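The values are calculated or read from the model by the stated rules, or taken from the named source; none is laboratory data. Just so you know, these numbers come straight off a predicted model, no measurement behind them. Positions of Cβ are generated from backbone atoms using ideal geometry, with glycine treated the same way; all protein chains shown enter the neighbour counts. All accessible areas refer to the heavy atoms of the entire protein, side chains included, with ligands and DNA or RNA removed. Shrake-Rupley method; radii C 1.70, N 1.55, O 1.52, S 1.80 Å.
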Amino acid sequence: MNKDENILLAKWLEGNITSEELKQLQQEVDLPTLNQVLNRQKNFELEVRSTEDMWADFEKRQPQKSEQHKNTKSPKKTPSNNRPWLLALLFATVLATGIWFFFNQKPATKKTKTSPAKTETIIYADGTKVHISPNSSVEYDETNWASKREIRLDGQAFFEVEKGSPFRVITQQGIVEVYGTQFDIWEMGDLMRVQCFEGTIKVSSGGQSKELKQNQKIFIDKSALQKIENIVSSQPDWMQSQRIYQKMPLRWVLKDLERFYDIKTNTTAVSIADNFAGVIPTNDLTKALTYLTKTVNWNYEIKDKTIYFTAIKE
């Protein structure tokens, strides 16, 4: 390639070449092949090779000149004068595609899921702690954590958030936003409870937002924010080996039994349409079942890790 062709190649790589210049360059360079090489490098499909080898491989693919053109005497070319410039240009292009990939790569999502009857605590790079309740999961983008503290929650977890950039917890029912505080989220399908134990948090759902201060809680029922209520505990009940229910649908009480004790429940012989109020331990299944069944007037029997409930006839 002569100097003029080098300039045209640079214009083509930059996207500033005219139609006339493109026609001239196509007579000397196999642009489709070169474009394929660069695209493969952009997608990181190329094996790791030096730019010298890459260029040599590309030159082998160039169409041969006609016999007449071959026999035409011309001054001997000195590719050594042009090749360093072309190699530097190709290297810059490869480097640019690497930078593009770095800024456009998919987030490195990390997910932690607890099994029934198991809890787990995660400590993030900024010191934030998340205590995950049984049969729950959290996931976040590890790559962008420093600039975007955002967690997706399915189930229940208690958060001890260090001060810093905004911190968001996203669930199916709504979003909780904080800067540095302690709060607990209990998501139950179409129902969610948020409790604030320290600082201030904002709870959003269904186009509405409410602010919770220390020792306050709120329920979200089918994406509708309910009224704010007070709490007296200094930390979530489940972290004190118990569950405290106030007019809670029985179906969610039974779900708690399943996730805290790693057991199934069978309610085909009873009605679970009523609400339940009371305290049930999460570390003693016999006590939990005794208190529950006496309160709702049921009997129970355990077979093969399944609790079968039956109603007591009056």
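Annotations
- For the stretch 235-307, accessible area per residue (1.4 Å probe, heavy atoms of protein chains only), Å²: 54 Å²
- By accessible area with a 1.4 Å probe, ligands and nucleic acids excluded, highest first: order of Asp184, Asp262, Asp154: Asp154, Asp262, Asp184
- Expressed as a fraction of 2.2 N^0.38 Å, the value expected for a compact globular protein of N residues, the C-alpha radius of gyration of the stretch 158-240 is 0.99.
- Candidates per trypsin sites (Lys or Arg not before Pro) in the stretch 234-314, loop by DSSP, up to 13 other Cβ within 10 Å: Lys305, Lys313
- Flagged links, alpha-carbon separation over 25 Å, of Lys255/Lys303; Lys118/Lys313; Lys148/Lys222: Lys118/Lys313; Lys148/Lys222
- Apportionment of accessible area to carbon and sulfur, the stretch 159-230, percent (1.4 Å): 42 percent
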